[in-house]
Every structure is written in C-alpha cells, then in structure tokens.
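Mind looking over this structure? Questions follow.
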Amino acid sequence: MHDSGLDSASTEVYEIDPLTDLRWTDFVHTHPKASVFHSKNWLNALRETYGYEPAALCTSKPGKPITDAVVFCRVTSWLTGRRIVSLPFSDHCEPLVTAPSDLNAILRRLEEEVRTKHSRYLELRPINEDLCLSSGLRECCEYFLHTIDLSPSSEALFKSFDKDSAQRRIRRAEREELGYKVGNSEELLREFFELFVMTRRRHHVPPQPYTWFRHLRRCFGDQLQIRVISYRGRPISSTLVLKHGRTVTYKYGASDVRFNYLGSMPLLFWRTMTEAKGEGCTRFDLGRSNTDNIGLIRFKENWGARRVTMKYLQSGGGVRADVSRLVPKLSYALSPMIPKWSLVVLGKLMYRHVG
C-alpha cells in the first residue's frame, strides 16, 4: 500500500459518470494531457460494444468545474474475473491529475474497492509513470509509444522519412494506378474489416468484433476516418484513425500482403499525415508496440517517429488478462487454417473478457 500522506487522507473524492456529467467534455477538451481515449466517443463505444460502464474519480465537488480525474471501467467477466482498468483496449490513458496528493487519494479509493469487491487488480496505463511512482503501484508490462510531430512543412516531414522503406515506396505507389477513398461510410468499414480479418488471421490473433468498429464509427462520426487503397478495383490496404483535438491517432491497419510491393501502406500513412496537417493536426499518434516486435518498431521509426517507453502499472495480486492467456496456443497455431468465419466468431466471444 502506498504512503498517501495527510493531504491525501483528508482529500474528498467524488465518483462521476463521464457519459452523463456535462462537465466531462469541457474538462477533456481543455486538459493538455487528455487523449482520444478519455473522450466520451471512446467511452461510449466501450460501453455499447462490451457492456463496460465507464466511471471517473475526481476531487472536484458537484457543480464545480472538474480540475482532475482518473477515468476507468469496472470489468466483470465470468472467465477472467473482476478488475478495474484505466482503460480497456486503450493504448494509453494518462491520469489527468497534477497533484500527487490528489492522485494518491483517488488511488486509495480504487484500491479500497479492489479489496472490498474482491477484484483481481487495478491497472493504470499512463504514458509517463513519474506521477504514479510514489503510489506504490508495480509495473505489470511495458510497451513503446511512437508519435510524429506534424508541425514541420510537408517537404521537411517527407525528408525525415527513411529513404528506402518510406520515401521510395511512397513514390512507387504514386506512380501506380491505385484507387484511393477516405471517409467513414458503411461500405468503407466493410472493406476495412475484410482486410482486417485477413491481417489478424495472418498474425494468429482473432479480430475484434465487427460491432466494435460499427460503434466506433457511430460514436466518433466525422472524427473517425477510414482510408482504403485498391488495385484494379480490389481493396489491398486500409487504415482506421481517430481524431481528438489536434492529434490524429492511428488505431488499426490492415493489408493484403500479396500487394505489399506496390507500397500502398506507406502511401496511406503519408496521405493520413498530409490530410491531418491540412485539418490543423500537429501530432500523429502511432500507438503502442510490444517491445519485442522489432518489425513494427522499425516500421514506425522509419517515419522519424519519436519513441517513449510506457509502463502499465498495477495493484492487487491478479494476473493481467490478455489475448495470449485467454486463447489456447493451439488456436494460434491453427488460425491460418481454420475458416475465416470461425475466427470472427472467436473474436466476438472473447474480447469482452480481456479488456
């Protein structure tokens, strides 16, 4: 248990519903460390798809502007148990708290719930764990987060890319007769999902359910963009990005590897950056990578992305729930061979248990 000190012991903590509290949107839009994962759009999609009920703890009295908060979901699963996660399926979710004493008061309240409600653990997913170091939470896993500064000119940005894996492949793709579409229509979503299932199968992991993407599309509206590149009328690569403030976040990507030689995925990333710049965005969040995924890390750093280490933090004695523990190794070995529909069904059944 962390040493909360006298200040945090006397701090009042209030629970709010970020989906109904009218103060939440203003708080998230104005806080400098808030991300797309704090937004009502993301929280609504989590609730509608997986049944998670978002909540937040803050030290602001009812009726007063929110000045700090930790948002989380209570995940209850007959398969993986009860736990508190900030936040499920989110690459990162910074505690939006400045004072260590306020954070300690909020964490003390959450840890008390873990004990009294017999939850397995509390998990935080900060980008910078410095504020949390005094809390007594322990590291449970580590990832890399990559971001690209979009403020330089397009010409300067292009020159910062690796010449072979990015610049030349973009130029190659621009010479090809490739179709390009961007938007958030149901048709584009279906084309994206078809490629996404193919990609997840190749990686031996079931895809997230189609309803997740439909809810994301509905909740985000124009703040969600799907890009699809086609070759001779056939979709060959696609990305799905989310916008929040002046940041565009790459969340999902998919491709047909048989057409990788055309350079369509590098072209998609370049189009995403130039179009985001045109919309006033200054930051491109490329999401997290497992620290041992050398290929993905190299791909992101070939774009001149800046890398930071993220350490997820945990309190409580439970083992962290994730896909690799939930799905037997046999299904990973067989996933390239089993029918596509059965892999989709497996994803639909399992994902709400691993948030």
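Where a number appears in this text, it was derived from the coordinates with a stated rule and is not lab data. Since the model is a prediction, treat every value here as computed from it, not as a measurement. Cβ: placed from backbone, ideal geometry, glycine included. Neighbour counts: every protein chain shown.
Under the rule of -39500 (n - 2.57) per DSSP H run of 4 or more residues, summed and divided by the residues of the chain, what mean residue ellipticity at 222 nm is obtained, to the nearest 500 deg cm²/dmol?
One gets -10500 deg cm²/dmol as the mean residue ellipticity at 222 nm.
For the residues S101, S238, what sequence is obtained by ranking on other C-beta atoms within 10 Å, fewest first?
S101, S238
Turning to a different aspect of this structure: Estimate the FRET efficiency between R175 and H203 by the formula 1/(1 + (r/R0)^6), using the beta-carbon distance for r and 35 Å for R0, to the nearest 0.05.
0.75
Would you pull out the residues with amide H under 5 Å of L150's amide H, same chain only if 5 or more places away, H placed 1.01 Å from N?
Under 5 Å from the amide H of L150 lie the amide H atoms of R283, F284, each far enough along the sequence or on another chain.
Moving to a separate point now. Among all the lysines, which ones have a C-alpha under 16 Å from K163's C-alpha, if same-chain residues fewer than 8 places away are not counted?
K300
I need C219, C141 ordered by Cβ neighbour count within 10 Å, fewest first.
The most exposed by this proxy come first: C141, C219.
Separation of segment 162-212 and segment 55-79 by C-alpha centroid, Å?
Segment 162-212 and segment 55-79 have Cα centres separated by 35 Å.
Report the calculated FRET efficiency for K159 and H118 (r = Cβ-Cβ distance, R0 = 45 Å), to the nearest 0.05.
For R0 = 45 Å, the calculated efficiency reads 0.20.
What helices does the chain hold that run 20 Å or longer along their axis, going by alpha-carbon atoms, with a Kyte-Doolittle average of -1.0 or more, using DSSP H for the helix calls? Write down the numbers at each step before the final one.
Numbers: long enough: 100-116 (24 Å, -0.72); 186-202 (24 Å, -0.40); 264-278 (21 Å, -0.07).
Passing helices, by number: 100-116, 186-202, 264-278.
Just how large is the dipole of the chain about the Cα centre, in debye to the nearest 20, putting +1 at every Lys and Arg Cβ and -1 at every Asp and Glu Cβ?
For this selection, approximately 1320 debye.
Using +1 at the C-beta of Lys and Arg and -1 at the C-beta of Asp and Glu, which of S237, P207, C219 has the Cα lying farthest in the positive direction of the dipole of segment 151-281?
Farthest along the dipole direction, towards plus: P207.
If the chain between T211 and R190 were fully stretched, how many nm would it gain, using 0.36 nm times the residue separation less the Cα-Cα distance?
Residue separation times 0.36 nm, minus the Cα-Cα distance, leaves 6.4 nm.
Summing +1 for each Lys or Arg and -1 for each Asp or Glu, what net charge is found among the other residues whose Cβ lies under 10 Å from the Cβ of L216? Present the calculation step by step, with values, prior to reporting the outcome.
On the way: positive: R214, R217, R218, K251; negative: E48.
In short, +3.
Assuming a ≥ b ≥ c are the square roots of the Cα gyration tensor eigenvalues, decide whether segment 169-315 counts as rounded (a/c under 1.5), prolate (otherwise, with a/b larger than b/c) or oblate.
rounded
Quick check on the exposure proxy: order D17, D130 from fewest to most C-beta atoms within 10 angstrom.
The order, fewest Cβ neighbours first, is D130, D17.
Provide the gained length on full extension for the span T309 to T76, in nm with one decimal, where the gain is 0.36 nm per separating residue minus the Cα-Cα distance.
Taking 0.36 nm per residue and subtracting the Cα distance, the gain is 81.0 nm.
Follow-up. Of F72, G263, Y14, which is farthest on the positive side of the dipole of the chain, counting Cα position, with +1 on Lys and Arg Cβ, -1 on Asp and Glu Cβ, and the Cα centre as origin?
Of the options given, the answer is G263.
Quick one: if the Förster radius is 35 Å, what FRET efficiency do Q223 and K61 give, using the C-beta to C-beta distance and rounding to 0.05?
On the way: r = 31 Å, r/R0 = 0.89.
According to the calculation, E is roughly 0.65.
With Cβ to Cβ distances under 10 Å as the rule, what net charge do the other residues near L188 carry (K, R +1; D, E -1)?
So the environment of L188 carries a net charge of +1.
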